[in-house]
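Computed from the coordinates by the stated procedures, all read-outs in this text should not be read as laboratory data. Quantities reported herein were computed from a predicted structural model and do not represent experimental measurements. All Cβ positions, even for glycine, are placed from backbone atoms using ideal geometry, and neighbour counts span all protein chains on display.
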Amino acid sequence: MTPQTLSNYLRELVRHKLMYSTMIWGPPGIGKSSIVSQIAAEHGQDFVDVRLSQLAPTDLRGLPVPDNGVSRWFPPEFLPRDGKGILFLDEINMAPPAMQGMAQQLILDRRVGSYTVPPNWFIWAAGNRKEDRAAVFDMPAPLANRFLHLVVDPDFDSFKGYAMAKDLHEQIIAFLSFRPEILHKIDPQQPAWPSPRSWELASGLHKAGLDIAPAIGASATAEFEAYLAVYTNLPDIEQILLGQGEKLRFTGEPSQRYAITVGLTMRSGEVSHAMNAFRWLSDRAGAEWVQLFAADLLRLLRQRGKVGMLAELTKADPQFTRFFGEFTELIGPVGSKV
């Protein structure tokens, strides 16, 4: 499944209060823990992230303390004791068998030692697969059989929505729109390689004017830097957004077209800018580019709380109404408040 599909599935588990232990499988850097953290925040849940690979069995079970001739286990302070939330056991299959055995008690019985998981806490876990070239141990069959198993793979469209919401650098988004296959590319010979997580780091470095190779590696950086040459021949995006782009043309190279379309989307800070960009593209670009702009724009405006304003403005333009009608699954009926 895609990261977006995973997010939707997890939301439904929380919404229906299905307290099933859930295991999320996927390659490193895809954002598994970020998705779980986001789900917790959306639902007003606490979030406890436990990295099992970094713990010893006594760290999870607690320390034995004598009490009237009987040993009692004092549980660690990081385990939840009340409220509601998600107890997230990350890197579970990177933990050695003894640690997995201790986690098995927590997952199967919702208790370990003297500790009991509060009733309103979900227990979810995540790990990498062997094919991801991660140093993982086999998961015991009794433990695996108690989980729901969700497998997530890299997906550019899911990442693009996240990147726009997080205001990643538009040049990073445009480059990956042009080269989506480089979104996630493990290189076991190099310490730095491209992944959704490392591209987000690269965006921060790029905004600061720093080399992004420490985040994504030399090979991906060389491709990105070569791509930046397209920005020397782009039409003036600010003029287009202000409605002054009559004499500007939509260039022929796909690499440049991605740069223009993403730039128009990311810089449409006002609904009037978005409408000017839409008119300009509609007069010059093929339907696929107008569709790309519209889909990304609606997603971005929803995130910025401006979809209702756009819907109201489309009432005055039949062309807008017809076109945006294709995307009512994103915003509801054209003209409605969202």
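What residues of region 150-174 lie in the reach of a label at Leu18, counting those whose backbone N is under 12 Å from a point 7 Å from the Cα along Cα→Cβ? Only 150 fall inside the zone, counting backbone N under 12 Å. Kirkwood hydrodynamic radius computed over region 247-295 comes to 10.8 Å, based on all pairs of distinct alpha carbons.
Charged neighbours of Gln54, selected by a Cβ distance under 15 Å, balance to -3 (K, R count +1; D, E count -1).
With angles folded into 0 to 90 degrees, how steeply does helix 271-284 sit against the dominant principal axis of the chain? Use alpha carbons for both and round to 10. Approximately 60 degrees, to the nearest ten.
Note on Gln190 and Ala165: with the Förster distance fixed at 30 Å, the Cβ-Cβ geometry gives a FRET efficiency of about 0.55.
Taken one residue at a time, the phi angles of region 84-96 give Karplus couplings (6.51, -1.76, 1.60, θ = phi - 60°) of 9, x, 10, 8, 10, 9, 7, 6, 4, 8, 8, 6, x Hz. Gly and Pro are set to x. Taking 0.36 nm per residue of separation and subtracting the Cα-Cα distance, full extension of the segment from Arg51 to Arg11 would add 12.1 nm. In the chain, the calculated helix contribution to ellipticity at 222 nm averages -13500 deg cm²/dmol per residue, counting -39,500 (n - 2.57) for every DSSP H run with n ≥ 4.
Database remark: amide H of Arg72 closer than 5 angstrom to the amide H of Val65, Asp67 (H placed geometrically; neighbours at sequence offset of 5 or more, or on other chains; Pro and chain starts carry no H).
So for the chain, considering every pair of alpha-carbon atoms, how many percent are separated by more than 28 Å? Result: 53 percent of Cα pairs exceed 28 Å. Our estimate of slack between Gln303 and Asp236, defined as 0.36 nm per intervening residue step minus the Cα-Cα distance, is 21.6 nm. In this structure the amide hydrogen of Met23, modeled in the peptide plane, comes within under 5 Å of the amide hydrogens of Ala125, Leu148, His149, Leu150, none closer than 5 places in sequence on its chain.
Of the residues Thr251, Asn276, Leu264, the one whose Cα sits farthest towards the positive end of the charge dipole of region 190-283 is Asn276 (charges of +1 on Lys and Arg Cβ, -1 on Asp and Glu Cβ, taken about the Cα centre).
Between the Cα long axis of helix 3-15 and the first principal axis of the chain there is an angle of about 50°, rounded to the nearest 10.
Strictly greater than 23 Å: what percent of every Cα pair in region 156-331 meets that? Tail of the P(r) past 23 Å holds 42 percent of the pairs. Note: region 155-235, Cα convex hull, 91 Å³ per residue. Of the residues Lys166, Lys185, Lys160, Lys32, the one with the fewest other Cβ atoms within 10 Å heads the list, and the complete ranking is Lys166, Lys185, Lys160, Lys32. Karplus-based coupling profile of region 182-194, in residue order and whole Hz: 9, 4, 9, 8, 5, 10, x, 8, 10, x, 10, 8, x, with θ = phi - 60° in 6.51 cos²θ - 1.76 cosθ + 1.60 and x standing for Gly or Pro.
Of the beta bridges DSSP finds with both residues in the chain, what % are antiparallel, to the nearest 5? In the chain, approximately 25 percent of DSSP beta bridges are antiparallel ones.
Using the Cβ-Cβ distance between Leu201 and Asn68 with R0 set to 41 Å, the FRET efficiency works out to roughly 0.15. Remark: region 32-45, residue by residue, has Karplus-estimated 3J(HN,Hα) of 4, 5, 5, 5, 5, 4, 5, 4, 4, 5, 4, 9, x, 9 Hz, where x stands for each Gly or Pro and the curve is 6.51 cos²θ - 1.76 cosθ + 1.60 at θ = phi - 60°. Tilt of helix 196-207 relative to the longest C-alpha principal axis of the chain, in degrees (0 to 90, nearest 10)? The angle comes out at about 50 degrees. With the highest mean first, a sort of the peptides 113-125, 38-50 on other beta-carbon atoms found within 10 angstrom per residue produces 113-125, 38-50. Using the Cα gyration tensor of region 3-151, with a ≥ b ≥ c the square roots of its eigenvalues, what is the shape: rounded (a/c below 1.5), prolate (a/b larger than b/c) or oblate (neither)? Cα axes put region 3-151 in the oblate bin. Label separation (Asp211 vs Gln244): 4.0 nm, computed from points 7 Å beyond Cα along the C-beta direction.
Packing around the peptides 58-70, 223-235, 201-213, taken as the average count of other Cβ atoms within 10 Å per residue, puts them in this order, highest first: 201-213, 223-235, 58-70.
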